[in-house]
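The values are calculated or read from the model by the stated rules, or taken from the named source; none is laboratory data. A quick note: this is a predicted structure, and the numbers were derived from the prediction, not measured. Virtual Cβ from ideal backbone geometry, glycine too; neighbours counted across all protein chains shown. Remember, those area values only see protein heavy atoms, side chains included, never the ligands or the DNA or RNA. Shrake-Rupley method; radii C 1.70, N 1.55, O 1.52, S 1.80 Å.
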Amino acid sequence: MATDVVTVGNKTEENIVCYSPSMITTNGVWQGENPLDYALPLFILQLTLVVIFTRILVFILKPFRQPRVIAEILGGVILGPSVLGRSKSFTDTVFPLRSVMVLETMANIGLLYFIFLVGVEMDIAVIRRTGKKAIPIALAGMVVPFLIGVSFSFMLHKSTQETKHGTFVLFLGVALSVTAFPVLARILAELKLINSEIGRIAMSAALINDIFAWILLAFAIAFSENKTMALTSVWVLLSTAAFVVFCVIIIRPLIGWMIKRTPEGESISEFSLCIILSGVMICGFITDAIGMHSIFGAFMFGLVIPNGPLGLTLNEKLEDFVSGLLLPLFFVISGLKTEINAIDGVGSWAILALVIVLACVGKIAGTVLVTLYYRIPIHEGITLGLLMNAKGLIEMIVINVGKDQKVLDDKSFAIMVVATVLMTAIIIPFVTLIYKPARKFAPYKRRTVQSTKPDSEFRVLACIHTPRNVPTIINLLEASCPTKKSPICIYVLHLVELTGRSSAMLIVHNTRKSGRPALNRTQAQSDHIINAFENFEQHVGSVSVQPLTAISPYSTMHEDICTVAEDKRVAFLIIPFHKQQTVDGGMEITNPNFRTINQNVLANAPCSVGILVDRGLSGSTRLAANQVSHHVAVLFFGGPDDREALSYGLRMREHPGINLTVMRFLPGQSALEEARSGSRRSNMNDPNVLTIVTDDDKEKQLDEDYVSAFRLRTANDDSVVYIERVVNHGEETVAAIRTIDQSHDLFIVGRGQGTISPLTAGLTDWSECPELGAIGDLLASSDNAAIVSVLVVQQYVGMGHGDHILTPDSPGQQLHEHFNFGYTNNRTQIRGQQPQFHTQP
C-alpha cells in the first residue's frame, strides 16, 4: 500500500494505492487476462515507450546540435501530465498510480549507477593542470546565480509551505548555480572545443562547481529532512563527513590493492567488478540510512576509484546500458511530476522569464569579471559564461529531491524544469555565434614542404585508418630523411568512426605501459599503431612521434584532421587512398567514406596534402640508413602542385639510400600550337585575356626558376637522374611514364588541380578518381601494369584573398633562400586571388 498526493486546483488530494504481490507476471491473453494489469508487462511497455520516444526526440533535435539531456527532459514532460498525460485514459493505461513505485525504483537504480559513472569520469587532477584560473571562475559562476536564486526565493516561497525559507533558498540557489559536468563535456565535444584552452578551463571550472554543488546539496538535504533544523541535521552532516573520510582512507586503498593484484596483461577479474558494482549499492544504502540521498554515496564511491584502466572498463561495461536504457526513466519520473499548467497567469510566466534571463546573465557576468582580471579576451569570457550555464541531470536531481521533500511546490518545480531546458538549449547557438575557434590559431608560414627550411623541423600529420596503412607510411617518413639539422615531428592521427557514443572526441595518447590489455578493438588497433610508430621513433634518430585518436562521424572527420593540422602547425598532411591492393595486384575500395574524407581534406586543409596510394614500400626501420634503398620518381609537368612534389623529392634525395629520378615533361610543337589555339578560342571575347596570359607566363617562369635551381644543386649528385621528355599529347605522356615505372617503387606526382595541359589530354575522359588528378589517377588505376606506390601531392595555396601573412616574397628571393638553403615561402600569388595586370610586349 502507498499514498500518492495529487494537487487539483487549490485542493490537495491523497490517493491510497494498494499493491498485490501476486500480480507480477501474467498468465497470458489466452487466459483472458490483460497484461497491463500486471507489474512486469506494464514496466516493459513503459520502458520501451520511454526509450523509443527519447530516441525519436534525439533524432529530431540532432540537426540543432542539442545535447541528449534536452531530449530526455522533453520526453519526460511530453509523457507526463503536461501533454499526453492530460488524457486520463492514456495515464490510466500506461502510467497508472500503481506502477509508479516500480518505475521510480528502477529509475533510481539507473540514476545511482549513472552518478557513480560521473564520479568515475571526474579527474580532480585536472584542476591542478589548469592552474589557478578555474577556481575563481567556478566560484564567480556560482555566487552570482546563487544570490539571484535567493532574491527569487522571496517571490516563489509561500508562507503556507511547510519548509523553512532557508531550506527553500538552498535548493533554489543550488539549482540555479550548478553546472552539469557531463552535459558540458558533450557540448564541448559537439563544438570541438574539448581539447582547446577554453574547453579545459570550462571543464575544470565545471568540476569544481559540481563538487561545491554536491556539498551544498548535502546541506540542503540534511536541513530539508529535518524541518526543525535541530541536532539531527548536525548528526546527518557529521555522518556524511565520516562517510567521505571512510571512502578516501579505506575504500580507495582497497580498490588500489585490487588493481595491483590483477596480473600484468590481464583485465580486472569479474569477481572484482562484481564487488565494485555491489559497492555502489552498499554506499547508496549507507548514505540513505544516515539521512543523505543515496546518490551521494554512489557519487563518492565513483570519485575515489583511481583513474586508469578500471575506470575505462566500468564505463565500457555500464555506460550504454545505464544511460541508454535506465536513465531516461528518471526523466520520465520528473516529467510525471511536472505540471506546466501550474505556471498560470502572466505573473508566473514573467517570473520564469526573469529566472532564465537573470540566471544566465548572472553566470556570464560573474565569469566575465574573473576572465577580465586574467586578461582573457571578452568574447572568450562570454563564451565561458554561456558554457557554465549547462544544466541537466544534476539540476534535475536537486529539484526532484526538493519536490520529494516538499521544499518545492508544483509551480516552483515546473518553473525550474522549463528553465533547465531553455538555459541549456541556448548554449550551442549562442556559443557558435559568439566564439569562432579559428581565432585561437596564430597564423604560421611553414604550411608547405617547399616553404619549410632545410635546417628547421619538418612537421607531418600522418592519418591512419587501420594498422594496414602503417608500414608504407613509416617507410615513406623514414625515406623523408630526418636529420639532426632537420628533424621530423610526426603527429599520428588514428581515425575512428563514431559509433555508440554521444559525442565526438580527440584523444591525446601518452606512452602506454606495454602488456596492458586493450579494452576493445579500437583501442587494440590504436595500441598496434602507437607501438609501431614508437618502435620507429626508437630505431631512427631525429624523429619525434605524438599519437592521437580522433573519434567522430565520417561526415565531420575532415574537420578534426584539419583542426589538428592547424593546431600542430604541420607543413604536410599524409592521408591514405580509399582503395587498397588485392592479392592479384588490383585495387579494391576499402570504405567509400574514406574517399569523401579525402575530398573534404583536399578542399579544406590548412597545409599541403599527400594522398598515399599504398602498394607497398620496401624498407625497415631495423636496417641501417645506408642499407635502405628506394627508387623514387618525380613526374614534373609544371604548376604549384608539381613544384611541391619536386620539393618533397628534393628532401628525400638527402637520404643516402634514395635514388631520385625527375622526369620533366615539355610540350612539343603540336602541343604548343593546340594550347595557343585553345587559348584564342576560349578567350576571344574575354576582356581579361591579358591577365590570363600573364598568370600563365608567371607560373611557367616559377617552374623554370625552380627546376633550374634544382638542377644546379644536384648537378654533381650521382643519386639524382634528371630527364626531359618532349610530348604532344596524353598517349605520348603515358608511353614516357612506362619507360621508367618498372624500375621504381614510389612515384611522387602533383595533383595538378586547376591546370589544363595538352600533355594530359584524353587522360581524364575515363578517370576513376578525379581527386588524384590526371597523372595520379593513371598511376593509381587498377589497369596500370606497374605495382608502384604513388604519393599525389597538393600544395597549400592560401585561405583567402586577404591572407597577407602568406604573401610570399619575390620569386628570385625565394629560390635564393631555398637553395642556399632557407626557403621562406612558396608562391608569388595565392590561387584564386585576383590577378595583377602587366603590360605584355
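The residue that is nearest to SER757 (Cα to Cα), counting only those in segment 711-723 that are in contact with a Phe, Trp or Tyr (Cβ under 8 Å, 6 or more places away or on another chain) and of a type outside the set (Ser, Thr, Tyr), is ARG711.
Give just the number: which of (1) in a helix (DSSP H, G or I); (2) hydrophobic (A, V, I, L, M, F, W, C); (3) over 14 Å from ILE109 (Cα atoms); (4) under 33 Å from the mean Cα position of the chain (by Cα) does ILE305 not satisfy? Condition not satisfied by ILE305: (1). Take the residues of segment 41-60 that are within 21 Å of ILE340 (Cα to Cα) and among the hydrophobic types (A, V, I, L, M, F, W, C): which is nearest to the chain's Cα centre (by Cα)? Applying the filter and picking the extreme gives LEU57.
Looking across ILE394, ILE351, ILE364, ILE356, one residue alone is at pLDDT 90 or above, in a helix (DSSP H, G or I) and of a type in the set (A, V, I, L, M, F, W, C). It is ILE364. Residue pairs whose Cβ atoms lie under 7 Å apart, separated by 6 or more positions or on different chains, with the first residue in segment 780-808 and on the phi < 0 side of the Ramachandran plot and surrounded by 15 or more Cβ atoms within 10 Å (Cβ to Cβ) and the second at pLDDT below 70 and basic (Lys, Arg), are VAL797/ARG827; VAL797/ARG831; PRO808/ARG827.
Among the residues of segment 642-655, is there at least one that is among the small types (Gly, Ala, Ser), open to solvent by 30 Å² or more (accessible area, probe 1.4 Å) and modelled with pLDDT of 75 or more? Within segment 642-655 (the criterion being among the small types (Gly, Ala, Ser), open to solvent by 30 Å² or more (accessible area, probe 1.4 Å) and modelled with pLDDT of 75 or more), the answer is no, since none of the residues qualifies. The set of residues in segment 119-135 that are modelled with pLDDT of 85 or more and open to solvent by 40 Å² or more (accessible area, probe 1.4 Å) contains only ILE135.
Has segment 595-613 got any residue that is in a helix (DSSP H, G or I), within 20 Å of THR452 (Cβ to Cβ) and open to solvent by less than 10 Å² (accessible area, probe 1.4 Å)? So far as segment 595-613 goes, yes, one or more of its residues are in a helix (DSSP H, G or I), within 20 Å of THR452 (Cβ to Cβ) and open to solvent by less than 10 Å² (accessible area, probe 1.4 Å).
Of all the residues in segment 591-618, those that are within 11 Å of CYS562 (Cα to Cα) and touching a Gly at 6+ places or on another chain (Cβ under 8 Å) number 0.
Looking at (1) touching a residue at least 40 places away in the same chain (Cβ under 8 Å); (2) in a helix (DSSP H, G or I); (3) open to solvent by 40 Å² or more (accessible area, probe 1.4 Å); (4) more than 23 Å from THR167 (Cβ to Cβ), can you tell me which one TRP235 breaks? Result: TRP235 fails condition (4) only.
Please give the strands (runs of 3 or more DSSP E) falling wholly within segment 479-566 in which 2 or more residues are among the hydrophobic types (A, V, I, L, M, F, W, C) and at pLDDT 90 or above.
Hits in segment 479-566: 488-497, 543-552.
Given the condition more than 23 Å from VAL449 (Cα to Cα), in contact (Cβ under 8 Å) with a residue 24 or more places away in the chain and not aromatic (Phe, Trp, Tyr), answer yes or no: does some residue in segment 556-577 qualify? The answer is yes, given that some residue of segment 556-577 is more than 23 Å from VAL449 (Cα to Cα), in contact (Cβ under 8 Å) with a residue 24 or more places away in the chain and not aromatic (Phe, Trp, Tyr). On the basis of being at pLDDT 80 or above, open to solvent by 30 Å² or more (accessible area, probe 1.4 Å), charged (D, E, K, R) and over 17 Å from PHE636 (Cβ atoms), does GLU731 make the cut? Criteria met by GLU731. Apart from one condition, LEU84 fits all of (1) buried (at least 16 other Cβ atoms within 10 Å of the Cβ); (2) in contact (Cβ under 8 Å) with a residue 40 or more places away in the chain; (3) over 36 Å from the mean Cα position of the chain (by Cα); the exception is (2).
Being closer than 27 Å to PRO35 by Cα and open to solvent by 10 Å² or more (accessible area, probe 1.4 Å) is the filter here, so list the residues in segment 100-118 that pass it. Once the filter is applied, which keeps residues that are closer than 27 Å to PRO35 by Cα and open to solvent by 10 Å² or more (accessible area, probe 1.4 Å), segment 100-118 yields VAL100, MET101, VAL102, GLU104, THR105, MET106, ASN108, ILE109. For ASP404, the conditions (1) among the acidic types (Asp, Glu); (2) in contact (Cβ under 8 Å) with a residue 40 or more places away in the chain; (3) over 30 Å from THR432 (Cβ atoms) are fulfilled apart from (2). The set of residues from segment 360-393 being open to solvent by less than 10 Å² (accessible area, probe 1.4 Å) and among the β-branched types (Val, Ile, Thr) comprises THR367, THR371, THR383. Contact map, segment 409-438: residues that are farther than 18 Å from PRO182 by Cα and of a type outside the set (Phe, Trp, Tyr) paired with residues that are open to solvent by 30 Å² or more (accessible area, probe 1.4 Å) and in a helix (DSSP H, G or I), Cβ distance under 6 Å, separation 6+ or inter-chain. Pairs shown: ALA414/ILE340; ILE434/HIS379; ILE434/ILE382.
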